[in-house]
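Asker: Can you keep this structure in mind? I'll have questions shortly.
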Amino acid sequence: MSNLMFRTCPETGLKVHGPAEALIKANAVVAVVFLLIGGLFGLLVALTRWQAIHLLPADLFYLALTAHGADVLVFWIIFFEVALLYFASAILLNCRLATPRIAWAAFFLMLAGAVMANVAVLQGESSVMFTSYVPMKAAPHFYLGLILFAVGTLVAVAVFFGTLVIAKQEKTYSGSVPLVTFGAVTAAIIAVYTIASGAIILIPTFLWSVGLVGEIDTLTYRIVWWGFGHSSQQINVAAQVACWYAVAALTVGAKPISEKVSRFAFLLYICFLLLASAHHLLVDPGISSEWKVFNTSYALFLAVLGSMIHGMSVPGAIEVAQRKNGFAHGVFTWLRKAPWGNPAFAGMFLSVILFGFLGGITGVIMGTEQLNIIIHNTLYVPGHFHGTVVAGTTLAFMSITYLVVPLIFRRELIFKRLAQLQPYLFGLGAMGISVFMMAAGTLGVSRRHWDMAFSDAPFSFDYPPAAFMMMGLNGMSAIVASLGGVAFIVVIVGSILFGKKRDDAFAKENPVIFQGSGATVAHHGDAGSLKIPGTTILVAVFFLSFVLYYFVNWKYLSEVWPLS
Amino acid sequence: MALTPPDDRLWWKQPLHGIELSWITISFLWGLLMFGMMVYWHLTGDQNLSNEAYRINPDVYAEKVEAAAEEYMVREDENSGMPVVHPPPGSDVYMLARLWEWWPILELEEGKEYRLHLSSLDWMHGFSLQPANINLQIHPNYEMVLTVTPDKAGEYGVVCNEYCGIGHHQMLGKLIVVK
Ligand code: HEM
Ligand SMILES: [Cu+2]
Ligand SMILES: [Cu+2]
C-alpha cells in the first residue's frame, strides 16, 4: 500500500487511511441528512398528536409516522453505524480499509435503497409503518428499497470484517483490538444476524407484494420481523456503548476500569440475543407462557446485565480519570468539574444517564410477560424507545460527531456557544418526549393513532384529561428536541463547510482531545485500590429506582381485571 | 485507553475489582428475581394471559360470533345500531375485529367470569380495553380465548391500538359492564 494514502493524525498519532476517511465522511453526512428529514417528520407527528394543534390530516399523519420511523431508526442510525465501523477498524487499527471500492458500492446501494423507500412512502401508497405488518401491503419498491439498503449494509459489514483481517495480517496493531473496536465487532456480528432475519422476512414479503407468494402468516411475520427489529436495537446499544468509551477516552482520558469486564459485557449482547424478539410477542395468541417467560428471561435479563455492567464501567472510568486529573476531592467533585462545556462530553454523559434511567428500566418492565398487558402498543412503547434510541443512541452519536468534525473532517467547530448548548437542548427535549409519551401510555393512550379524541368513531370514549395534557407536553418537548436537532445540524454542517481548516500545525496548538496523562488503572494487582464512591452512589440510585419502579408497575397490574 | 489495544496484553488475567464483582452479582441476582417474579405471578397473581388459542378460518370465526350475537342480543345501540349482546355469566363470549370496527357490543355482568374469544377477520388489530388498560394483539386466523372477570361496572372503550390503515383511529368498540 502506498504511503501516500495515509496521513498521520497530529493529535493521536494514528495513521489515517485517506479512502477510509472519505467513506467515513460520506456515510456520516448522509446519516445526518436522514436525521434532519426524519426529525422533521417526528416534529410533524408530535404536533399532530398534540390534540390542541392536531396539525396533519390522518393520511399524512400515518405517512409522516412511517417516514419518521424509517428515516431515523433505520437510515440515520445505520449510516452512522457504518461510519463508526470504518472508524473503529481502519482508523483505530492504523490500517487501510479493505476494498474501498466495494465500500463505495455498499454506500451507493444503501443510499439507493433509502431513497427508494422514502419515495415509496412519500408517494402515499406505503403508509404501513416501518414494521410493515402483513397483510397490510406497501408498494413493492418500499420493500425493495429496504432490501437494497440491507444488502448494502451487509456489504459494508463485510468490508469491516475484511479490514480486521488485513490489520491482523499486516500487524498494524499489537495485542488485542482496542475496546471500542471490540464493541464495533459486537455490533457487526449482531448486524449479520439481524440482516439475515430481515432478509428472511422482507424478501418473501416483497415477493408477496408483487403477487409471487401467497398469504404470509401474521404470527410468523411478527416473530421473524422482530428477530430483525429487536436485534438491530442491540446493534445500536453496542455501537452507542462503544461511543461512550471512545468519547470518555478522548475528552477526559478515561480508561476502562477493567478490559475484561467491559468485553465480557459486550459478549453478553451477542450471546443473549437469540429470540430476543420474544418480548415483542408477549400478548400474542398461540405462544405459550413458558416460551415467553423462558425466552424473555435469558435473552432480556442477560443482555440487560451487559448494559448494567457498562452502566457502572463508563462512569466509573470517567471518575477514575477525573480523580487522576486532579479532582480527587470529595465524592462528586470529579463530576462537577467535568468538561460540561465540551459538547462531546456533555452529550455522552447525558446519553449514559438518560439511556439508563429512561430507556433501560422501562424496557425491562415492558419485557415482563404480565406487565406487557398494561403497556403493549400504548404510547409507553415509543416513550421507552425515545429513551433508548433518541436520548441514548442518537445523543451518543451526536456527541462523538463533535470529535469527528475536528479529527476526521479537520475543521474547527463554528458557533461554539450553540454547540455547547446543543446536547442540553436535545437531551432535555428527548427526555420530555420519552417521559410524556410514557405517561400518556400509562393512561392507556394508543400509539400510532391519529385521533385520541375519537371524533369520527361510532361511539365516544374519553381518555383522562391528564392524557391530553401529557400529549401537549410531549409536543412542547418535541419542539425543544427539534431545536436541539436543528442546532446540531447547523453546527455540524456549517463546520464541515465553513469551519476553519485544522492543518497539522493548528491542530497541534489547539488540540481537541484530552492532553493529560490520563488515568492508569487496571494494573495487575490493584484490585483493592479502585475508588469510585461517586459512581457507586449513582449506580445505587439507579438500582433503587429500577426496583421501585418495577414493583410500582406490578401494583398497577394488580388493579386490572382478573384475567386467566 | 479504550481506543488503543489494552496496555496489559494479558488483560483477561487481571483480577476483578471487588466493586465490579458486587455489581455484576447484584445485577445477575436481580435478573433471577425478575424471572422468578413472572413465575410467581403465574402461580399466585390474578392477571395472567391464558395459553388458549386456536387456528381458525376467519369466515368460520365470523359465523360463530354472529351466531352468539343472534342468540343473546338484547337491544340495538341507539346511535350506531350495533347489536348489544348480553351472554349468560360463565359462558363463552365473542368479539371480532375487522376494518374498522369491533363487533358486537358486549354487555357483561360485574364480578362474573367469562371466556372471551377474540380474533380478526382481516388484518392485525390491537384490543385495547380502556380505561381497564388491557392490551392484546389480535391476529387473523388465530382465535384467542381468555377468562376475564370484569370487576367494575361502567362503559368501556375498545380502542384499536395496532395500526390498521387509514380508518385505524375510527375503530372504537364498546363493552358495557353492568351490576
Ligand atoms: C425531534 C426529535 C423527535 C421527535 C419530536 C419524535 C417524536 C415522535 C413521536 C411523537 C412519535 C409517534 C408516536 C406514535 O404516535 O406512535 C414517534 C415515533 C417514533 N420515533 Fe420519534 N421522535 C424524534 C426523534 C426520533 C429519533 C432520533 C428516532 C430514532 C433514532 C426516533 C424513532 C422513532 C420510531 C422508531 C417511532 C415509531 C414509529 C412507528 O410507530 O412506526 N424518533 N417519534
Ligand atoms: Cu384495527
Ligand atoms: Cu387499528
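Where a number appears in this text, it was derived from the coordinates with a stated rule and is not lab data. These figures come from a predicted structure and were not determined experimentally. Don't worry about glycine lacking a Cβ; one is built from the backbone with ideal geometry, like all the others, and counts go over all protein chains shown.
Asker: Near the amide H of B:SER91, under 5 Å away, which other amide H atoms are found, from residues 5 or more places off or on another chain, if H is placed in the peptide plane?
Answerer: Amide H to amide H, under 5 Å and 5 or more residues apart or across chains, B:SER91 pairs with B:ARG115.
Asker: Still on this structure, please answer the following. Do any of B:LYS64/B:LYS152; B:LYS112/B:LYS152; A:LYS555/B:LYS152; A:LYS260/B:LYS13 go past 19 Å between their Cα atoms, and which? The partial results should precede the final answer.
Answerer: Values: B:LYS64/B:LYS152 27 Å; B:LYS112/B:LYS152 11 Å; A:LYS555/B:LYS152 17 Å; A:LYS260/B:LYS13 8 Å.
As for pairs spanning more than 19 Å Cα to Cα, those are B:LYS64/B:LYS152.
Asker: Can you compute 3J(HN,Hα) from phi for each residue in the stretch A:246-251, using the Karplus curve 6.51 cos²θ - 1.76 cosθ + 1.60 with θ = phi - 60°, rounded to whole Hz and x for Gly and Pro?
Answerer: Using θ = phi - 60°, the values come out as 5, 5, 4, 5, 7, 9 Hz.
Asker: Here's a follow-up. Within chain B, what percent of beta bridges assigned by DSSP are antiparallel, to the nearest 5?
Answerer: Details: 29 of 42 bridges.
About 70 percent, rounded to the nearest 5.
Asker: On the Cα set of chain A, report Rg and Dmax in Å, please.
Answerer: For chain A, the Cα-based Rg and Dmax read 23.2, 73 Å.
Asker: Quick query: amide H of A:LEU563 versus all other amide H atoms, modeled in the peptide plane; which residues come in under 5 Å with a sequence gap of 5 or more or a different chain?
Answerer: B:GLN47, B:ASN48
Asker: Against the longest alpha carbon principal axis of chain B, how many degrees, from 0 to 90 and to the nearest 10, is the axis of helix B:18-44 turned?
Answerer: 20
Asker: Right, another one. Quick check: net charge around A:ILE287, other residues with Cβ under 15 Å of its Cβ, Lys/Arg +1 and Asp/Glu -1?
Answerer: On the way: positive: A:ARG222, A:LYS292, B:ARG55; negative: A:ASP217, A:ASP284, A:GLU290, A:GLU369, B:GLU52, B:GLU143.
Net local charge, A:ILE287 excluded: -3.
Asker: State the volume of the convex hull built on the alpha-carbon positions of the stretch A:400-479, expressed per residue in Å³ and rounded to an integer. Write out the running numbers ahead of the final one.
Answerer: On the way: hull volume 9.6 nm³, N = 80.
Dividing the Cα hull volume of the stretch A:400-479 by its residue count gives 121 Å³.
Asker: Continuing with this model, one more query. Could you sort A:393-401, A:221-229, A:334-342 so that the peptide with the highest average Cβ count within 10 Å comes first and the rest follow in order? Show your work: numbers first, answer last.
Answerer: Details: A:393-401: 27.6, A:221-229: 21.7, A:334-342: 17.1.
Ranked by mean Cβ neighbours within 10 Å, highest first: A:393-401, A:221-229, A:334-342.
Asker: Of A:LYS292/B:LYS174; A:LYS15/A:LYS255; A:LYS337/A:LYS531, which ones are farther than 19 Å apart at the Cα?
Answerer: Details: A:LYS292/B:LYS174 30 Å; A:LYS15/A:LYS255 21 Å; A:LYS337/A:LYS531 17 Å.
Result: A:LYS292/B:LYS174; A:LYS15/A:LYS255 exceed 19 Å.
Asker: Give, rounded to the nearest 20 debye, the magnitude of the charge dipole that chain B has about its Cα centre when Lys and Arg contribute +1 at Cβ and Asp and Glu contribute -1 at Cβ.
Answerer: Working: 11 positive and 24 negative charges, 141 e Å.
The dipole of chain B has a size of about 680 debye.
Asker: Arrange B:LYS64, B:LYS174 by Cβ neighbour counts within 10 Å, fewest through most, would you? The partial results should precede the final answer.
Answerer: On the way: B:LYS64 17, B:LYS174 22.
Listing B:LYS64, B:LYS174 from fewest to most nearby Cβ atoms yields B:LYS64, B:LYS174.
Asker: While we're on this one: Give the angle, between 0 and 90 degrees and rounded to the nearest 10, that separates the Cα long axis of helix A:416-442 from the longest principal axis of the Cα atoms of chain A.
Answerer: 30
Asker: How large is the Rg to Rh ratio of chain B when both quantities use alpha carbon positions and Rh follows Kirkwood?
Answerer: Values: Rg = 24.1 Å, Rh = 19.3 Å.
Looking at chain B, the ratio lands at 1.25.
Asker: What percentages, rounded to whole numbers, describe P(r) for the stretch A:81-174 computed over all alpha carbon pairs with 5 Å bin width beginning at zero?
Answerer: Spelled out bin by bin, the stretch A:81-174 gives 3, 15, 20, 16, 12, 10, 9, 7, 5, 3, 1 percent.
Asker: Rounded to the nearest Å, what's the spacing between the alpha carbon centres of the stretch A:372-438 and the stretch A:81-127? Just the number, please.
Answerer: After rounding, the separation between the Cα centres reads 22 Å.
Asker: Compute the long axis of helix B:58-72 from its Cα atoms, compare it with the longest principal axis of the Cα atoms of chain B, and write down the angle in degrees, 0 to 90, nearest 10.
Answerer: So the helix axis and the longest Cα principal axis differ by about 50 degrees.
Asker: While we're looking at this one, here's another question. For the stretch A:367-512, just the Cα atoms, rotate onto the principal axes and tell me the three extents in Å, largest first.
Answerer: 71, 32, 19
Asker: Something else now. Setting aside same-chain residues fewer than 8 positions from A:LYS416, which lysines have a Cα under 16 Å from its Cα?
Answerer: Answer for A:LYS416, where 16 Å is the Cα cut-off: A:LYS500, A:LYS501, listed by chain and number.
Asker: Something else about it: Where both residues lie in the protein assembly as shown, what percent of DSSP beta bridges are antiparallel, nearest 5?
Answerer: Numbers: 35 of 49 bridges.
The antiparallel proportion sits near 70 percent.
Asker: Taking the Cβ of A:LYS25 as the centre, find all other residues whose Cβ is under 13 Å away and add up their charges (Lys, Arg: +1; Asp, Glu: -1). Don't skip to the answer; put the middle values down first.
Answerer: On the way: positive: A:ARG410, A:ARG411; negative: A:GLU21.
Net of charged neighbours comes to +1.
Asker: Additional query: What does the average come to when, for each residue of peptide A:55-67, you count the partner chain Cβ atoms lying within 10 Å of its Cβ? Before the final figure, lay out each step's value.
Answerer: Numbers: counts 0, 0, 0, 5, 1, 0, 2, 5, 0, 0, 1, 1, 0.
Mean inter-chain Cβ contacts per residue within 10 Å come to 1.
Asker: Please compute, for peptide A:370-381, the average count of beta-carbon atoms on other protein chains lying within 10 Å of each residue's beta-carbon.
Answerer: Details: counts 9, 4, 4, 7, 5, 2, 9, 11, 7, 1, 1, 1.
For this peptide, the per-residue mean of nearby foreign Cβ atoms is 5.
Asker: To continue, here is another question. Under a straight-distance cross-link criterion of Cα-Cα below 19 Å, which aspartates and glutamates are reachable from A:LYS171, leaving out those fewer than 8 residues away in the same chain?
Answerer: The qualifying aspartates and glutamates are B:ASP7, B:ASP8.
Asker: Using the Karplus curve 6.51 cos²θ - 1.76 cosθ + 1.60 with θ = phi - 60°, work out ³J(HN,Hα) for each residue of the stretch A:330-343 in order, rounded to whole Hz, and write x for Gly and Pro.
Answerer: So the J values, rounded to whole Hz, are x, 8, 10, 4, 4, 7, 4, 8, 5, x, 5, x, 8, x.
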